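Have a look at the structure below, then the notes.
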Amino acid sequence: MSRFSKTALALVAALAAAGPARALDDYGLGRAATPAEINAWNIDVRPDFAGLPKGSGSVDQGQTVWEGKCAACHGTFGESNKVFNPLIGGVTKDDMKTGHVAALMRPDFPDRTTFMKVATISTVFDYIRRAMPWNAPKSLSDDQVYAVLAYMLNLAEIVPDDYVLNDQTIRDVQKILPNRNGMTYDHAMWPSTVFSGKAVKPDTHNAACMKNCKAAPEIASFLPDSALSSHGNIADQNRRFGAIRGQVTGPSGAPAGAKKTMADLAEASGCLQCHRPDSKLIGPAYQEVAQKYKGQQDMAGKLFAKIRAGGGGVWGDVEMPAQTEVKDEDLKALVAWILNGAPTNQ
Amino acid sequence: MQRDVEGIRDCAADRARIRKAPENFLGAEEIAAVRSGRRDFLRGALLAAAAAVGGGRAAAAESASQGEDVILKPQPWSTSLGQPVAATPYGMPSKYENTLLRRQSPGLTQVAAASVSFMPLQGMFGIITPSGLHFERHHQGWQDIDPSRHRFMINGSSPEFIRKPKVYTMDDLMRFPSVSRMHFIECGANTGMEWGNVAVPTVQYTHGMLSCSEYTGVPLRTLLEDCGADFKKAKFVLAEGADGSSMTRTIPIELVLSGEVLVAYGQNGEMLRPENGYPLRLVVPGVQGVSWVKWLRRVKLGDMPWATKDEAVHYIDLMPDGQHRQYTSIQEAKSVITSPSGGQMLLDKGFYNVTGLAWSGRGKIKRVDVSFDGGVNWVEANLQGPVLSKCLTRFNAPWNWDGKPAILQSRAMDETGFVQPTYGQLREARGRRSIYHNNAIQSWKVVESGDVSNVQVL
């Protein structure tokens, strides 16, 4: 008998005097989850709508949420691929009848939007509620989630302008969702038959031929010379001694221990998740910021305070979260760099 | 074997390299030492610099005298006092090891918090990935969670499935009996950029969403049983993260019941790295990385799959008929030669140890074959032990390069008898518009100059 089992037995014996005896397989670790705790985390919504909270929201209400919290990344009409994959587009009235988006069958149709793919509307509700908006997940009320989903469904021309989505009407939406019949479980990549209802064998059948397996190798694709440098200087991405070297495909990077650039500091500080020096991403381009405040008195101090505290209203409705983790000296340097137009040579 | 020995001898006899080693052989610090005028270091360093620039000629000049200066002249590391213990309380790689790093693929994503960094497998040895080089895939940025405030909850879709919903602290979890096991983790989208055509230059970007670690943790089954799970009624498990995206995936209960799925806190002998889910992640051997939920905060037992965002909008495989395969999870047998590989160059003719990795989500690797002529003829590679289930297996094959064009391939077979497919076979079954589960045979073309590049052979 292991030492642990003896200990466990001793524990059981000790507890038996005070309360009900515990089974041997009870380690006595952990505690009961309280109903409030389960309620706080038990946020998943299944395809059969188990877990769906009560609530409702209209297309109009959703538009307000969308324009304030979603459009900056996803585009005014949910069409943008600038930051994330497009959400809206590519579905037709006919798809709503068949339940399988016809554009998915066309090799010449490159886009695959969320509403072209998704077969279960619960998926979209669940995800918005748990993970959106991007920089403030879980900040939407349940009504706001219904509203913004109603607006998205309206953008996708699945529901009319005056639609109100709630915990009952969402079931009607499921019945007309364009790609609701678009999923197949006919594959061998789940370890049981629970989805397919039958044993499915792998769909490729190579044989381990050893000699004279074909006349000659047919090269179907190769990397164009123009793409060789697409990933920087490969010589810098291999050890400089040993059996091989990396090919020189571009200028050599900075030697080890070289001074980090301000862009490196901005990246390390998390700024570049929402900003770019020369183009608008989620927040404004640094060059726009520099242009706007050019010549203004004490802008460094004001911008420092603004970044530290966060907030919105200057560049649109998407609020910038308070940046409390950046060290004072780093933030000071970053502010000076931004107001100088974020030059790449610093 | 006799042929290989001859190959080595031929190589030694043929000292004229087909190309000189690239510059930058001297580190910045050595150059600085030369410039600072340290007399003991100066001459050797200058000669070494000449050797780096002049390639074989300088080396020949040295050997024509009495030998190499690095042997004949005392070197600074042999003639000075070294660093004390614990000078670096958490040890770091040598300053010379500054090239093999996690890297992003330019243009793949727009936002670095929902992106990928690739593991540099072109220069790694053995099967274990150093934790600091483990590939990253985050959906809403990574967090560094205070372990004293991390909680793990188990509940059920119905009170029938979990009779006692419970909460565990890290203290609780680390008191349970633990196991340590080595497993690979591969993103379902690994090699995804190559479904249509060759797209990226090196194995870091073609296959770098792959890593392998020793994980330590508690079998999820143990914890579910501790909560009074009814495995007769419940058929599916949901795993949920504590990060902003609260990432969720439906986990196959078969793997939970087999005891393979771990609630893990340890990685390669230390705690998980924050980028890999500190302080707690799910380990689902053989299944694609997205199911190995990081920053794990909750597991729920139920009787239906959840169709979460990452199993209903992403990580679904588009087939030629416009249907998407849903809940594709197992990573089928796959292999890749990591060296020589795309973007590398051979400096010389002669002997090379062709080396690579093979793995299967269905068990152990049984055999790996290597071809040097684009798949016309194959030889069996040597598998390096240990060969473990759902773990990377290192293979090696001797090769005497005659300086002529070659196409290197590897082909894995797992213990079920499944053989890794060619691109032709894979596209015949699944078309070329999918993003996920590309396990086709990888080809590296070698030309006379010694340059190696990424090509696809049907």
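The values are calculated or read from the model by the stated rules, or taken from the named source; none is laboratory data. All of these numbers come straight from a predicted model, not from anything done at the bench. Cβ sites come from the backbone with ideal geometry, for glycine too, and all protein chains shown count toward neighbours. For accessibility, only protein heavy atoms count, side chains too; no ligands or nucleic acids. Shrake-Rupley method; radii C 1.70, N 1.55, O 1.52, S 1.80 Å.
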Quiz prompt | Most to least packed among A:87-97, B:414-424, B:83-93 [average Cβ atoms within 10 Å] | solution = B:414-424, A:87-97, B:83-93
Quiz item: So what is the accessible area of region A:56-176 per residue, in Å², with the probe set to 1.4 Å?
Solution: 42
Quiz item: In terms of modelled amide H atoms, which long-range or inter-chain residues lie less than 5 Å from the amide H of A:V159?
Solution: A:N154
Quiz item: Listed highest first by mean packing, meaning other Cβ atoms within 10 Å per residue, what order do A:98-104, B:206-212 come in?
Solution: B:206-212, A:98-104
Quiz item: Roughly how much accessible area, to the nearest 100 Å², goes out of reach of solvent when A and B pair up, both sides summed, probe 1.4 Å?
Solution: 9900
Quiz item: About its Cα centre, what dipole magnitude does region B:116-324 give when the only charges are +1 on Lys and Arg Cβ and -1 on Asp and Glu Cβ, stated in debye to the nearest 20?
Solution: 600
Quiz item: What is the sum of charges around B:S258, taking Lys and Arg as +1, Asp and Glu as -1, for the other residues whose C-beta is under 13 Å from the C-beta of B:S258?
Solution: +2
Practice problem: Determine the dipole magnitude for chain B: charges of +1 sit on the beta-carbon of Lys and Arg, -1 on that of Asp and Glu, nothing else is charged, the reference point is the Cα centre, and the result goes in debye to the nearest 20. | Solution: 500
Quiz item: Cysteines of chain A lacking any other cysteine beta carbon under 4.7 Å?
Solution: A:C70, A:C73, A:C271, A:C274
Self-check item: Spatial separation of Cα centroids for region B:74-152 and region B:337-401, in angstrom
Solution: 25
Quiz item: Counting partner chain Cβ atoms within 10 Å of every residue's Cβ in B:410-422, what's the average?
Solution: 3
Quiz prompt | Nonlocal amide H pairs with B:V354, under 5 Å, H built at 1.01 Å | solution = B:A397, B:W399
Self-check item: Positive dipole terminus of region B:116-324, leading residue within B:F135, B:P320, B:L255 (C-beta point charges)
Solution: B:L255
Quiz item: When DSSP assigns beta bridges and you keep just the ones with both residues in the protein assembly as shown, what percent turn out antiparallel, to the nearest 5?
Solution: 90
Quiz item: Excluding A:V91 itself, what net charge comes from residues whose Cβ is under 12 Å from its Cβ, given Lys and Arg +1 and Asp and Glu -1?
Solution: +1
Quiz item: Where nothing but the Cβ of Lys and Arg (+1) and of Asp and Glu (-1) is charged, how large is the charge dipole of chain A around its Cα centre, in debye to the nearest 20?
Solution: 1260
Quiz item: Beyond 33 Å, what share of the Cα-Cα pairs of chain B remains, rounded to the nearest whole percent?
Solution: 45
Practice problem: Shielding by partners for B:191-199, please: the mean number of other protein chain Cβ atoms within 10 Å of each residue's Cβ. | Solution: 2
Self-check item: Under-5 Å amide H pairs with B:A229, H placed in peptide plane, nonlocal only
Solution: B:R163
Quiz item: Residues of region A:262-339: accessible area per residue at 1.4 Å, in Å²?
Solution: 56
Quiz item: How well do other chains shield peptide B:310-317, expressed as the mean number of their Cβ atoms within 10 Å of each residue Cβ?
Solution: 6
Exercise. Report, as a whole number in µm² per second, the diffusion coefficient that Stokes-Einstein gives for region B:334-455 at 25 °C and 0.890 mPa s using the Kirkwood radius over alpha carbon pairs.
Key: 166
Exercise. Tell me what the protein assembly as shown gives for mean residue ellipticity at 222 nm when only DSSP H runs of n ≥ 4 count, each as -39,500 (n - 2.57), the sum divided by the residue total, rounded to 500 deg cm²/dmol.
Key: -7000 deg cm²/dmol
Quiz item: What does the charge count near A:T184 come to, summing +1 for each Lys or Arg and -1 for each Asp or Glu among other residues with Cβ under 10 Å from its Cβ?
Solution: -2
Exercise. Calculate how many DSSP beta bridges within region B:308-458 are antiparallel, expressed in % of all such bridges and rounded to the nearest 5.
Key: 95
Quiz item: Among rounded, prolate and oblate, which fits region B:116-324 when a ≥ b ≥ c are the square roots of the eigenvalues of its C-alpha gyration tensor, a/c under 1.5 means rounded, and a/b larger than b/c means prolate?
Solution: oblate
Quiz item: Among bridges DSSP assigns within chain B, what percent are antiparallel (round to 5)?
Solution: 95
Quiz item: Which entries in the list A:K82/B:K235; A:K214/B:K334; A:K280/A:K306; A:K302/B:K95; A:K54/B:K232; A:K117/A:K214 go over 29 Å, if you measure between the two C-alpha atoms of each?
Solution: A:K82/B:K235; A:K302/B:K95; A:K54/B:K232; A:K117/A:K214
Quiz item: Of the accessible area of the protein assembly as shown, with the probe set at 1.4 angstrom, what percent is carbon plus sulfur?
Solution: 54
Self-check item: Reachable aspartates and glutamates from A:K69, criterion Cα separation under 18 angstrom, eight or more residues apart if same chain
Solution: A:D60, A:E79, A:D126, A:D142, A:D143, A:D317, A:E319
